[in-house]
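What follows is a short report on a single structure.
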Amino acid sequence: MEEERLLLEEGLVQNENSQPYTGDGSVDVKGNPVLKSNTGNWKACPFILGTECCERLAYYGIATNLVSYLAKKLHQGNVSAARNVTTWQGTCYLTPLIGAVLADAFWGRYWTIAVFSTIYFIGMCTLTLSATVPAFMPPECVDNICPSATPAQYAIFFFGLYLIALGTGGIKPCVSSFGADQFDDTDSVERIKKGSFFNWFYFSINIGALVSSSLIVWVQDNAGWGLGFGIPAAFMGFAIVSFFMGTYLYRFQKPGGSPITRMCQVLVASCRKWNLDVPSDSSLLYETPDKSSAIEGSRKLLHTDELQCLDKAALIVEDDSKSRDFSNPWKLCTVTQVEEFKILIRMFPIWATGIVFSAVYAQMSTMFVEQGAMMDTSIGSFKIPAASLSTFDVISVIFWVPVYDRILVPVARKLTGKERGFSELQRMGIGLFLSVFCMSAAAIVEIWRLDLAKSLGLVDEAVPVPISIFWQVPQYFLLGAAEVFTFIGQLEFFYDQSPDAMRSLCSAFSLLTTSLGNYLSSFILTVVTSLTTRGGNIGWIPDNLNKGHLDYFFWLLAGLSLLNLVIYVFCFKNYKSKKAT
C-alpha cells in the first residue's frame, strides 16, 4: 500500500482498483472470472516463490558440484567433465520449449508445472540411487588407477540426470510467467508490482542456490554423494507440495491454442497472396469486430508498419468479401495474429545477444570450479570445496536485488519518469557490460596463479598453487551483479513484450539463450582444445592446469562479451515495443 501511495503521488499511475474483477481475462481454478480482492497479487506469490526456491535448490544441488562428481566419482577428465556439465545444462534450458508449447496450447501453465514437477522428482530419486547403490557406482581409484564406469552405470546416472532436464522443461518457462499472471496487466498499480515480482522471483532462486552452493556442496564433499543428492530430492518433493497448497488463490490464463500453428498460418496465408500489394490504410486489413481478440486469452494488438510482407496474411481478397467467410486462418489471419509473429521477429536480435552472456555464466559451474580447485582452498584446518565459491555469486545477487528494487529503481524513477526506473533493455545492457569485467577479472587471477606456479616450480605437478581461492571472489561478485541486471531484465522483457497467448513460449525463448550459451561454451571448449593441442602441444586447458593457459580462454570470452555488447547496443537502439489495445 505504501508503494501504491508513493506511485500515485508521483503521478506515474492511476488508481484503477475500483474494478472488482480482473481485466486481463484471468479465471479461477474452476474457470470463473476472479475477484481481485480474493485471488492473485502478493497473497498467491509466496506459494509460487516457495516452489521456485525449493526447485532451484534441487537444481543447483546437482549442477553446482556436478563437474566434481564426474571427475572424482565417474573418473572423467577436465574437458570431458566440463563438456558433459554444459551439455546437460544446455539441455535443461532447451526442454522448456516443450513445456512452453504444452502450456500455451493445451494444458495451461498450472498443469504443465504439476506434471513436469513429478517427472523432475523421479529424476532426482534416480540420481540419488545412482550415487547410493554400490552396484551403480564405479570402483574408487587405487594408486592413481581409476576404473571407468560401466555402460550400465553411465546409463543409470545419465537417465536420472536427463529426466531432471526434461522435468525442468515444464517448470522454468511457466513458473515466472504463472507468477506474473497473478498481477492484472490492466491495473496500473498491479502492473508496477509485477516489476517487483520479477526481482523477488530471482531473489528466491538465489536463496535456493545459496543453500546448495554452501550446505549441499559441503555435504557432497564430506558426507557422501548419496546424501548430497538425496537432500535436493527431498526439497523437490516439498516444492510440489508448496505449489499445490496455493491452488485456490491462483489466477489462471486460458490456453490460447498452439502459437507455432498460428505462426505457420501467417506464413502460409501471406505466401498465398505474395503477388498482392498491402494497402496504405491499415484499417482495411482484417480484424475481428469484437472487443476481444479471436485468440483465446489475448488482447488485440495494434498494427505496426514494419515487415509489411506479413501483412498480406490479413489482406481481404475478393473471394473473401463475396463469401463473407473469414473463418479459415490458413487463408486469412487477423491483424493481432500477424502482429504476434512480428513481435517474435523483432525480439530475435535482442534474444540472440543473450547467448554469449549465458556462455560466460556457464563458466561459474565449470572453469571457475576447476580454476578454484588448483588454488589454496584452506582456512586453517578447514577445506572449502571449490564449487562453494559460487556462494559469492549468490550473495552478490541477494545483495543487489533489494538494492536495485528499493534504492536504484526509486532514484531512476525520479530521473527518468518511467514506472520501473530503467527499461528492461537498459537493465540488460548494464549486465552485458559487467560481464566483460567478470571474465577479465578471472583472467587476471589466472595469470597471477600461473606466474606463482612457475616461480615455485609447480608447473609439472598437478597440485594446487598456494594462492587463496578467495581471490576468485571479485569474478563471482561481478557475475552476480551482471545476473541481476541481465537475467531479471530478460524475464521482464520477454514477459512484457510477448503476446498474451505466447508468454510461456517467449519465456522459453529467453531460457533458450541459456541453453545455447551452454552449448556455445561446450563448442568453444572443443574448438579451443582441438586447435591448441595440434602438433603435440599441451593446449590451453590440460588436465594439469598449471601447464596450461586458462587465462587465454577467459580473455577470449571477455573479447566475445565486448563484441556482443556492441551488437546489443545497435539492436537496442532499433527495437520497437509492442502496442496492445
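The values are calculated or read from the model by the stated rules, or taken from the named source; none is laboratory data. Since the model is a prediction, treat every value here as computed from it, not as a measurement. Using ideal geometry, Cβ is built from the backbone for each residue, glycine included, and neighbour counts are taken over all protein chains shown. Protein only, heavy atoms only, side chains kept; ligands, DNA and RNA dropped before computing areas. Shrake-Rupley method; radii C 1.70, N 1.55, O 1.52, S 1.80 Å.
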Problem set entry | Segment Trp274-Lys576, extension gain: residue separation times 0.36 nm, minus the distance between their alpha carbons | 106.2 nm
Problem set entry | FRET E, pair Lys254, Leu35, Förster distance 22 Å, beta-carbon r, rounded to 0.05 | 0.80
Problem set entry | Cα-based helix-to-principal-axis angle, 550-573 vs the chain, degrees rounded to 10 | 10 degrees
Exercise. Classify the range 407-552: rounded, prolate or oblate, from the alpha-carbon gyration tensor (a ≥ b ≥ c, eigenvalue square roots; a/c under 1.5 rounded; otherwise prolate if a/b is larger than b/c)?
Worked result: oblate
Problem set entry | Relative contact order [Cα under 8 Å, 6+ residues apart], the range 459-581, whole percent | 27 percent
Exercise. Between Lys291 and Ile98, how many nm apart are label points set 7 Å from Cα along the C-beta direction?
Worked result: 4.1 nm
Seminar exercise, completed: Computed over the chain, protein heavy atoms only, probe 1.4 angstrom, the accessible area per residue in square angstrom equals 40 Å²
Problem set entry | Computed over the chain, Cα set: Rg, Dmax in Å | 25.5, 88
Problem set entry | Nearest-ten-degree value, helix 78-92 long axis tilted from longest Cα axis of the chain | 20 degrees
Exercise. Residue separation times 0.36 nm, minus the C-alpha to C-alpha distance between Leu562 and Asp460: what's the value?
Worked result: 33.3 nm
Seminar exercise, completed: Lys and Arg at +1, Asp and Glu at -1: neighbours of Met236 with Cβ under 15 Å from its Cβ sum to 0
For this session: Place the peptides 564-573, 431-440 in order of packing, highest mean first, counting for every residue the other Cβ atoms within 10 Å and averaging per peptide.
Result: 431-440, 564-573
Exercise. So how do 64-72, 26-34, 247-255 stack up, highest first, on mean other-Cβ count within 10 Å?
Worked result: 64-72, 247-255, 26-34
For this session: For the chain, with all protein chains present and a 1.4 Å probe, just round the carbon and sulfur fraction of the accessible area to a whole percent.
Result: 66 percent
For this session: Please list 141-150, 82-91, 37-46 highest first by mean number of surrounding beta-carbon atoms within 10 Å per residue.
Result: 82-91, 37-46, 141-150
Exercise. Working out 0.36 nm times the residue gap between Leu408 and Ile430, then minus their Cα-Cα distance, what length gain in nm do you get to one decimal?
Worked result: 6.6 nm
For this session: Between Tyr154 and Val142, with labels modelled 7 Å along Cα→Cβ, what's the label distance in nm to one decimal, could you check?
Result: 2.3 nm
For this session: Determine the calculated [θ] at 222 nm for the chain from helices alone, applying -39500 (n - 2.57) to every DSSP H run no shorter than 4 residues and normalising by the residue count; nearest 500 deg cm²/dmol.
Result: -20000 deg cm²/dmol
Exercise. Roughly what angle does helix 225-245 make with the longest principal axis of the chain, taking Cα atoms, 0 to 90 degrees, to the nearest 10?
Worked result: 20 degrees
For this session: Run the quick spin-label model on Arg534 and Ile316: label points 7 Å from Cα toward the beta carbon, then report their separation in nm to one decimal.
Result: 6.4 nm
Exercise. Roughly how large, in nm² to one decimal, is the mean projection of the convex hull of the alpha-carbon atoms in the range 32-107?
Worked result: 7.2 nm²
